[in-house]
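The values are calculated or read from the model by the stated rules, or taken from the named source; none is laboratory data. Computed from a predicted model, the values in this text were never measured in an experiment. With ideal geometry, Cβ positions are generated from the backbone for all residues, glycine too; neighbour counts draw on all protein chains shown. Please note that ligands, DNA and RNA were not included when accessible areas were found on the heavy atoms of the full protein model with its side chains. Shrake-Rupley method; radii C 1.70, N 1.55, O 1.52, S 1.80 Å.
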Amino acid sequence: MHSLPLSPASARRLPPRSVAVVLGTRPELVKVAELVRLLGPAARLVHTGQHYDEQLSGRFLAELGLPEPELLTGVGGRPRAEQIAAALSGLDALFAAGRPLAVVVQGDTNAALSGALAANARGIPLVHVEAGLRSHDRAMPEEHNRVLIDRLADVLCAATLDNRANLLAEGVPGARVAVTGNTVVEAVRRALPPAGERLELLDRHGLAADGYVLATVHRPENTDEPEALAAILTELSALSADLPVVLPLHPRTRARIEAAGLAGLLAGLTVLEPVGYGEFLALARHAALLVSDSGGVQEETTVLGRPLLVVRRSTERPEAMGDFAELVRPGPGLGAAARRRLAEGPEGLRRLAALPSPFGDGRASARIAELIARSVPPHALAA
Ligand code: UDP
């Protein structure tokens, strides 16, 4: 981990609203929450509207204690190029009217790429949180977003040594890269409800600790191909004969299931609306197994010490693979891997709970706040 002296106090010397944090989706809100708290009045939250609705953003702002963002209009629900273009011109207008001292983007979304391009266009220092992830899968738009953002960034906050090595291998100068850890570690620690509340929540859903599977599916490779979607739901449905399978259903997945006429496969599952972050973590903390195609969930399960099947072709988070997680394809292999992991029982869960997360020590946000303060000219800081 990077050995920066931790003095979030210097972040407090940044002028009010001088650090624009640009984001557009649920996982970005989760992962910048602690950083925004540390930046205090210096933070200026800008939401591109990529996924702006109550379920995927509004409630997360409130739950994570984030300030009301400036919200761009006309971005969400459009094709990728139009989203990026619309967000870029909206951000450029905002930055022209009030120039930030630094722009921060997190991860690999279209919103993050738009933020990076907008900072670059106006010569504003760009900080990339979660730099250096690579799936080497050119079919994923996120992979292109990551590579492009990392080329543009002035300060690259790599979560792990492997992420740093990816950047150096691409010729990014080492002086631009700091290994900070991943902010998800502190996000999980802060948002996980206490044990008593978690057990009450399980009770409300009629679930027993360590006695159910928690699943999420939303990536285009699984939702846009009806065969893949049907194969995943068929395996989850078969598992639900043995133990409850809880599926908080992403709106895009629900729409695809309905369009493909697959709603019948949901019959045996405990289908929920997308849940808030604390509730999701509580469900994940006590699941005997998770099945997901999410990026963030690959990290969160290592903090919670639970096993995960990643239903994807590739991953940009190899650190989670092995003890905690494994890649599976839609189809019978998913069901077989699930039964094998479930057969490890309480012993397997105890083993994982004792392992440290490869994603950091819970102080990534403090390191990043310090890096941001150092990226602005010293005369811009209050005495
Ligand atoms: N999540 C949540 N409620 C849900 C499903 C997921 O709060 O019903 C959280 C999850 O814990 C993770 C984030 O949403 O932090 C993941 O979002 P998503 O899967 O949309 O994006 P990805 O991580 O794949 O970029």
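Looking at the range 327-346, which of its residues are open to solvent by 30 Å² or more (accessible area, probe 1.4 Å) and in a helix (DSSP H, G or I)?
Selection gives P332, G333, A336, R339, R340, L342, A343, P346.
Mind checking whether some residue in the range 197-208 is exposed (fewer than 14 other Cβ atoms within 10 Å of the Cβ) and of a type in the set (K, R)?
yes
Take the residues in the range 348-370 that are among the aliphatic types (A, V, I, L, M) and open to solvent by 50 Å² or more (accessible area, probe 1.4 Å); name whichever of them is farthest from the chain's Cα centre (by Cα).
In this case the residue turns out to be A354.
Please tell me if A373 is in a loop (DSSP other than H, G, I, E, B) and open to solvent by less than 10 Å² (accessible area, probe 1.4 Å). Please lay out each step first, then the result.
Values: in a loop (DSSP other than H, G, I, E, B): no; open to solvent by less than 10 Å² (accessible area, probe 1.4 Å): yes.
Criteria not met by A373.
When residues of the range 68-116 are filtered for being surrounded by 24 or more Cβ atoms within 10 Å (Cβ to Cβ), more than 16 Å from the ligand (Cβ to nearest atom), free of Cβ contacts under 8 Å to residues at least 40 places away in the same chain and within 20 Å of the chain's Cα centre (by Cα), how many remain?
1
Quick one: is H144 under 20 Å from the mean Cα position of the chain (by Cα), open to solvent by 30 Å² or more (accessible area, probe 1.4 Å) and without any contact (Cβ under 8 Å) to a residue 60 or more places away in the chain? Walk me through it before giving the result.
Working: under 20 Å from the mean Cα position of the chain (by Cα): yes; open to solvent by 30 Å² or more (accessible area, probe 1.4 Å): yes; without any contact (Cβ under 8 Å) to a residue 60 or more places away in the chain: yes.
Spelling it out, H144 is indeed under 20 Å from the mean Cα position of the chain (by Cα), open to solvent by 30 Å² or more (accessible area, probe 1.4 Å) and without any contact (Cβ under 8 Å) to a residue 60 or more places away in the chain.
Just to confirm my filter: which strands (runs of 3 or more DSSP E) fall fully inside the range 243-298 and include at least 3 residues that are open to solvent by less than 10 Å² (accessible area, probe 1.4 Å)?
Those strands (runs of 3 or more DSSP E) span 245-248, 289-292.
Could you please find all residues in the range 209-223 being open to solvent by 20 Å² or more (accessible area, probe 1.4 Å) and within 15 Å of the ligand (Cβ to nearest atom)?
Residues satisfying the conditions are T216, H218, R219, P220, E221.
Quick check: is even one residue across the range 25-40 touching a His at 6+ places or on another chain (Cβ under 8 Å), within 15 Å of the ligand (Cβ to nearest atom) and either under 18 Å from L117 (Cα atoms) or without any contact (Cβ under 8 Å) to a residue 12 or more places away in the chain (or both)?
Within the range 25-40, one or more residues are touching a His at 6+ places or on another chain (Cβ under 8 Å), within 15 Å of the ligand (Cβ to nearest atom) and either under 18 Å from L117 (Cα atoms) or without any contact (Cβ under 8 Å) to a residue 12 or more places away in the chain (or both).
Within the group S89, S135, which residue is more than 30 Å from P358 (Cβ to Cβ) and at pLDDT 95 or above?
Selected residue: S89, the only one of S89, S135 that is more than 30 Å from P358 (Cβ to Cβ) and at pLDDT 95 or above.
Within the range 226-247, can one find any residue that is at pLDDT below 95 and more than 15 Å from the ligand (Cβ to nearest atom)?
In the first step, residues of the range 226-247 are kept if they are at pLDDT below 95; the result is none.
No, the range 226-247 contains no residue that is at pLDDT below 95 and more than 15 Å from the ligand (Cβ to nearest atom).
Within the range 301-316, which residues are within 11 Å of the ligand (Cβ to nearest atom) and under 14 Å from A353 (Cβ atoms)?
T301, V303, L304
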